[in-house]
Amino acid sequence: MRNRKLVVNILAFLALSAILTAAQMQMPSSETKPDKSSATPKTLTGIVSDSMCGAHHMAKDKSPAECARMCVKQGMKYAIVVGSKVYTLEGYAEQDKLAGERATLKGEVTGETVAVQSVVPAKKG
């Protein structure tokens, strides 16, 4: 009986260790954050959205613009969808006007974040 309890305790410990290890592997490492000095100036054209939904809005009863605005009010950040890539926007003051629309922006790209310098509606074409 005592050996059985010991085996159960060991298995519980190993299961907990495996769960904690898996959770730690899912957490972003502070070492993987891009350095600010590695920012690259770029011009991007895409759809202004939010960082949660990206190109696929979850609020099906709302327009993409309404969904993006709602998500931002709930704590998400504005983003721009360029092809299959979603860039989070920092320092962008006119995002509410262009939510759900195509826009061209210039800024410093660091990883998947853009420090926005300027934004204009994208030219039709």
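The values are calculated or read from the model by the stated rules, or taken from the named source; none is laboratory data. All values derive from a computational prediction rather than experimental measurement. When we count neighbours, we look across all protein chains shown, and the Cβ atoms used for this are built from the backbone with ideal geometry, even at glycine. Quick note on the areas: whole protein, heavy atoms, side chains included, nothing else; ligands and nucleic acids left out. Shrake-Rupley method; radii C 1.70, N 1.55, O 1.52, S 1.80 Å.
See the values below:
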quantity	calculated
Scope the range 92-125; condition basic (Lys, Arg) and either within 23 Å of residue 39 (Cα to Cα) or open to solvent by less than 60 Å² (accessible area, probe 1.4 Å) (or both); matching residues	106
Of the criteria (1) closer than 18 Å to residue 115 by Cβ; (2) open to solvent by 60 Å² or more (accessible area, probe 1.4 Å), which one residue 89 fails	(2)
Filtered residues of the range 58-92 (kept if under 23 Å from residue 109 (Cα atoms) and in contact with a Lys or Arg (Cβ under 7 Å, 6 or more places away or on another chain))	88, 89
Criterion: modelled with pLDDT under 85 and either assigned to a loop (DSSP other than H, G, I, E, B) or in contact with a Leu (Cβ under 7 Å, 6 or more places away or on another chain) (or both) - qualifying residue of 79, 93, 55	93
Pairs, first at positive phi in the range 75-104, second open to solvent by 60 Å² or more (accessible area, probe 1.4 Å), C-beta under 6 Å, six or more apart	100/64
Residue in the range 33-43 that is under 27 Å from residue 119 (Cα atoms) and at pLDDT 90 or above present	yes
Checking residue 72 against (1) of a type in the set (A, V, I, L, M, F, W, C); (2) open to solvent by 60 Å² or more (accessible area, probe 1.4 Å); (3) outside any loop (DSSP other than H, G, I, E, B), the condition it does not meet	(2)
